[in-house]
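Following: one structure in structure tokens, then a few remarks.
The values are calculated or read from the model by the stated rules, or taken from the named source; none is laboratory data. Note that the structure is a prediction, hence the values are computed from the model and not measured. All Cβ positions, even for glycine, are placed from backbone atoms using ideal geometry, and neighbour counts span all protein chains on display.
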Amino acid sequence: MEKVIRLWKPVKLEQAWLDCDTSLLDNITPSWFERRKKLSENSKEYKDFLERLKREHAIETGIVERLYDLNKSITETFIEEGFEKSYLSHGDTNILEDDLMAFLKDHSDSVDFVFDVVKEERPLSTSFINQLHQLVTRSQKYIEGRNALGQKTKTTLLKGKYKEMENNPTREDGTKVLYCSPDHVSSEMDNLIRIYNSNADSVNPLILATWFHHAFTTIHPYQDGNGRVARLLTSLIFIKHRFFPFTVLRKEAKVKYIKALEKADNGYPQDLVNYFAEVQIRNIQKALNLKEITSVSLEEVQDIFAKKVEQLRSEKVGKAQEILTKRRNEVFKYCSHILNQLMQNLKEKLNGNADVSLASCSFDKPEKQHYFYRQIVGYAKKHQYFFNRSYPKAWLLLMIEMEKTKRYQLGISIHHFGYDDTTLAIGSFLEYKGSEEEEEMDTTLPLEIKPFVISVSDDLESKQKSIKEYLEHALTISLGHIANQM
């Protein structure tokens, strides 16, 4: 018998969604919102960055939907330079060049349309969604499918109109997926908008955007183009709340996006919420490394510089620095507390067969802060972010010594991330200390652990769980690496 899954159920914002943990994104948003104000006022780099994100969305959404393919080099060129047909070479794409450029133009115009709608504060409505569908499918004439006999078919695509026939695809494993039937689409879309509008001001925007995306995909209101419209509408919700367009990269489509959607289909939405958070964090971290001042005029730069120097002397800035110092120290003390716990647990496991100790340098000890400069600089370069050396740093060192000439040390560095002074990175590196002959060598071992980036604009308590998980993960990876070398 044919296996069938009915994904669509009458749209609701269920408690499982409201209970989702949003701390992954919440950890960094206060700093981002403050930084965004400054970038929006002065930074040409920020404006250019947004244009690159728009072009990336336009490219990747068509690849994920299998409308076309583009190789990596031309993708990078298009993102950086813009959509010019002259940049294309033979083999860059798998469809006619004119068709590709038409699709990219449609997708690009659709992203611009979403930004314009947000700027105009136009409410989300079914009529707008139909307009968006019409625009994003402007150059698509047909939808390809298969009939009951498995034969390929071509049907004229209805643009800006809900589906008139079932669009229930069959997965690779032979499972047939049932979306909302055509006779219920109109009422379900009205219901979707009603629930969204009634919760727009009270539900965390990460949950709201992810829930809306998932609900829309289970309705599948159009004959084709549903994925493209879903990602554009998700982008709209994020942009309304001062975030970035939502883009699924081709390399993530199957391994993260589709798998997380399927878990949400089964009533477990946390993975999907986490993935949507990761996409935003990726762009926020890039944006935090954008320069605020990009003017080429000496007079303009002098004016901005003079203003900043004057601000540094103000009482308000002094108070802000006091709060920043206090919260930095709280982060250090909490990391020290967790690493002490981890050290004690490890000592018990080792049963005296190795020495384990913990050294540290807090933010208020400048005489020790120059230690591990090389490691921190290398770590920041590897993970492509700006490390501001002018701010104080702190570090902790968990040392595991098995013999006098064989010691491993896990370094945890707490330092500023990017150009925003309220953003901290907690980074991890593992070193091997062997014989005297080896001391002159670079002893840093390759740990594939990205920095954990947090805002210290608000209290630490909401971030403690995430910090603890990061430190546990760093120790887990380090011990595994050491064990593999023994």
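Assorted remarks:
- Considering the conditions (1) over 30 Å from L53 (Cβ atoms); (2) at pLDDT 90 or above; (3) buried (at least 16 other Cβ atoms within 10 Å of the Cβ), A380 is excluded by exactly one of them, (1).
- Complete set of residues in segment 469-481 that are out of contact with any Cys (no Cβ under 8 Å at 6 or more places or on another chain) and buried (at least 17 other Cβ atoms within 10 Å of the Cβ): Y470, A474, L475, S478, H481
- Failed criterion for K72 (all others in (1) without any contact (Cβ under 8 Å) to a residue 12 or more places away in the chain; (2) within 18 Å of the chain's Cα centre (by Cα) hold): (2)
- Count of residues meeting criterion [of a type in the set (S, T, Y) and under 29 Å from the mean Cα position of the chain (by Cα)] in segment 173-194: 1
- Exactly one residue among V229, V185, V255, V203 is surrounded by fewer than 22 Cβ atoms within 10 Å (Cβ to Cβ), farther than 22 Å from L24 by Cβ and aliphatic (A, V, I, L, M), and that residue is V185.
- Of the residues making up segment 211-256, those that are in contact with a Cys (Cβ under 8 Å, 6 or more places away or on another chain) and either modelled with pLDDT under 95 or on the phi < 0 side of the Ramachandran plot (or both) are T218, I219, P221.
- Beta carbons closer than 9 Å, at least 6 apart along the sequence or on distinct chains, pair a first residue in segment 139-165 that is modelled with pLDDT under 85 with a second that is of a type in the set (A, V, I, L, M, F, W, C) for T153/I143; K154/I143.
- Conditions (1) modelled with pLDDT of 95 or more; (2) touching a strand residue (DSSP E or B) at 6+ places or on another chain (Cβ under 7 Å); number of the one not met by R6: (1)
- Residues that are closer than 24 Å to D271 by Cβ and modelled with pLDDT of 95 or more do occur in segment 188-195, at least one of them.
- The lone criterion from (1) in contact (Cβ under 8 Å) with a residue 12 or more places away in the chain; (2) within 28 Å of V453 (Cβ to Cβ); (3) exposed (fewer than 14 other Cβ atoms within 10 Å of the Cβ) left unmet by F49 is number (3).
- Selected residue [under 22 Å from R52 (Cβ atoms), in the same structural domain as S23 (by TED's automatic domain parsing) and of a type in the set (G, A, S)] from A253, A260: A253
- For segment 396-413, the set of residues classified as under 15 Å from F363 (Cβ atoms) and surrounded by fewer than 24 Cβ atoms within 10 Å (Cβ to Cβ) consists of L396 only.
- Looking only at segment 238-293, and only at residues there that are in a loop (DSSP other than H, G, I, E, B) and basic (K, R), the one that is nearest to S108 (Cα to Cα): R242
- Every condition in (1) more than 23 Å from the chain's Cα centre (by Cα); (2) buried (at least 18 other Cβ atoms within 10 Å of the Cβ); (3) not in a strand (DSSP E or B) holds for Y419 except the one numbered (1).
- Residues in segment 244-257 that are of a type in the set (A, V, I, L, M) and within 15 Å of E60 (Cα to Cα): V248, L249, A253.
- Qualifying residue in segment 80-98 (condition: in a helix (DSSP H, G or I), among the hydrophobic types (A, V, I, L, M, F, W, C), in the same structural domain as P205 (by TED's automatic domain parsing) and crowded, with 17+ Cβ neighbours inside 10 Å): no
- When residues of segment 24-46 are limited to those that are surrounded by 15 or more Cβ atoms within 10 Å (Cβ to Cβ) and of a type in the set (G, A, S), the one nearest to N191 (Cα to Cα): S31
- Check on I74, in contact with an Asp or Glu (Cβ under 6 Å, 6 or more places away or on another chain) and either among the β-branched types (V, I, T) or exposed (fewer than 14 other Cβ atoms within 10 Å of the Cβ) (or both): yes
- Selection within segment 155-166 - over 18 Å from L132 (Cβ atoms) and outside any strand (DSSP E or B): E164, M165, E166
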